[in-house]
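Heads up: the structure comes next, in C-alpha cells.
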Amino acid sequence: MKQFVPTFRGQEWESGAGALHLYVRPEPVDREFHDLAAACREVLGDYPIWCVPDDLVHITIEMDAAAPSTDISTTERTRLITTLKDRLTRIEPFTVLCGSALANRTGAILDTHPDQGLVALQNLVRSALWEAHDTSAIAHEGGRGHASLGYAYDQADSDPLQSALRRISPSHAPLTVSRLHLLDVRWTAHPRADGGVRWEMDWDPVAVLPLGTA
C-alpha cells in the first residue's frame with residue numbers, strides 16, 4: 001500500500017481546489033451498510049490511512065473534469081443539473097451489495113456487485129456531462145464500482161490489513177441507490193509531523209437528483 005494522491009485531468013490535485021462529482025451516498029435507513037463501514041473503520045485505525053467519516057462515505061459515479069468547480073458558471077451548472085435530471089428518469093432505483101472489504105493499492109474499499117446498475121448509471125451520467133459541456137468532461141476511464149473507506153497517507157504492508165478486514169462479519173451489506181448527489185468536492189493536503197502530507201476530502205452539496213419517474 002502506498003500514499004494516495006488525488007489527481008485532476010492527469011495532474012496532482014491543487015490542495016484546496018474543488019471539482020464537481022456525482023456520488024451515491026448511503027441513506028440513514030441503510031443501517032447494515034453503516035454498521036459494516038463502522039466495523040471496517042475500527043480496523044483501518046491501526047494503519048496509516050485517513051478513514052472516511054460516516055457522512056463522507058460514497059460511491060463515485062463520475063467526476064466532472066470539464067474544469068475546476070470555480071470555473072463552471074451558474075449557467076453551466078443549471079444546464080448540467082437539468083440534463084442530469086432528464087437522463088436519470090431513464091433508470092429506476094436499484095440495490096447493490098457492498099462487500100467484502102478490500103485493501104487496495106492506496107487504501108481500502110467495499111467492493112460492489114452486481115455491476116449492471118452502477119455501470120448503467122455511470123453511462124447516463126457521462127452522457128449528461130458530454131451534453132452539458134462544450135469541452136471534454138471525462139478525463140479517465142474509471143474502474144469497477146466501490147465504496148471508498150479510507151485513503152493511505154504512508155506506505156504499509158497491506159497483507160495484514162486484508163487479513164483483518166476479512167475477519168469482519170457480516171462482510172456484506174445492501175445499499176439502495178435511489179438518488180444521486182452532485183457535490184463540489186475538495187481535496188486538501190494536510191502537513192504531517194514527518195514532513196509528508198495527508199490528503200483529506202470534504203464537499204459542499206450542489207443538488208440531489210432522484211432516479212426514476214416516481
Original post:
Do you know which residues across the range 104-141 are polar (S, T, N, Q), touching a residue at least 40 places away in the same chain (Cβ under 8 Å) and in a helix (DSSP H, G or I)?
Top reply: Q122, S127
Original post:
Within the set of pairs 6+ apart or on separate chains, which have a first residue in the range 179-204 that is among the hydroxyl-bearing types (S, T, Y), a second that is part of a strand (DSSP E or B), and C-beta atoms under 6 Å apart?
Top reply: T188/E200
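Give I81, I61 a once-over and let me know the one that is closer than 16 Å to D204 by Cα and not in a loop (DSSP other than H, G, I, E, B).
On the way: I61 fails: closer than 16 Å to D204 by Cα.
The match here is I81.
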Subject >> Scan of the range 172-214 for residues that are within 21 Å of R25 (Cβ to Cβ), out of contact with any helix residue (DSSP H, G or I) (no Cβ under 7 Å at 6 or more places or on another chain) and in a loop (DSSP other than H, G, I, E, B), ordered by number >> reply: H172, S178, G212, A214
Original post:
What do you reckon, is L22 over 20 Å from A128 (Cα atoms), surrounded by 13 or more Cβ atoms within 10 Å (Cβ to Cβ) and either modelled with pLDDT of 95 or more or not aromatic (F, W, Y) (or both)?
Top reply: no
Original post:
Are any of the residues in the range 120-131 closer than 14 Å to D46 by Cβ and touching a helix residue (DSSP H, G or I) at 6+ places or on another chain (Cβ under 9 Å)?
Top reply: no
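So, of the residues in the range 102-150 that are of a type in the set (S, T, Y) and under 26 Å from P48 (Cβ atoms), which turns out to be farthest from the chain's Cα centre (by Cα)? Write out each step before concluding.
Here is the first cut: in the range 102-150, the ones of a type in the set (S, T, Y) are 106, 112, 127, 135-136, 148.
Remaining after also requiring under 26 Å from P48 (Cβ atoms): 106, 112, 148.
Working: T106: 14, T112: 12, S148: 6 Å.
Filtering the range 102-150 for residues that are of a type in the set (S, T, Y) and under 26 Å from P48 (Cβ atoms), the one farthest from the chain's Cα centre (by Cα) comes out as T106.
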Subject >> Members of the range 84-99 found to be surrounded by fewer than 18 Cβ atoms within 10 Å (Cβ to Cβ), part of a strand (DSSP E or B) and touching a helix residue (DSSP H, G or I) at 6+ places or on another chain (Cβ under 9 Å), listed by number >> reply: F94, T95
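Using the structure shown, decide if S136 is modelled with pLDDT of 90 or more, surrounded by fewer than 19 Cβ atoms within 10 Å (Cβ to Cβ) and either within 24 Å of L36 (Cβ to Cβ) or polar (S, T, N, Q) (or both). Spell out how you get there, then give the answer.
On the way: modelled with pLDDT of 90 or more: no; surrounded by fewer than 19 Cβ atoms within 10 Å (Cβ to Cβ): yes; either within 24 Å of L36 (Cβ to Cβ) or polar (S, T, N, Q) (or both): yes.
No.
The values are calculated or read from the model by the stated rules, or taken from the named source; none is laboratory data. None of the values given here were measured: they were computed from a predicted structure. Please note: Cβ atoms are built from the backbone with ideal geometry, for glycine as well, and neighbour counts cover all protein chains shown.
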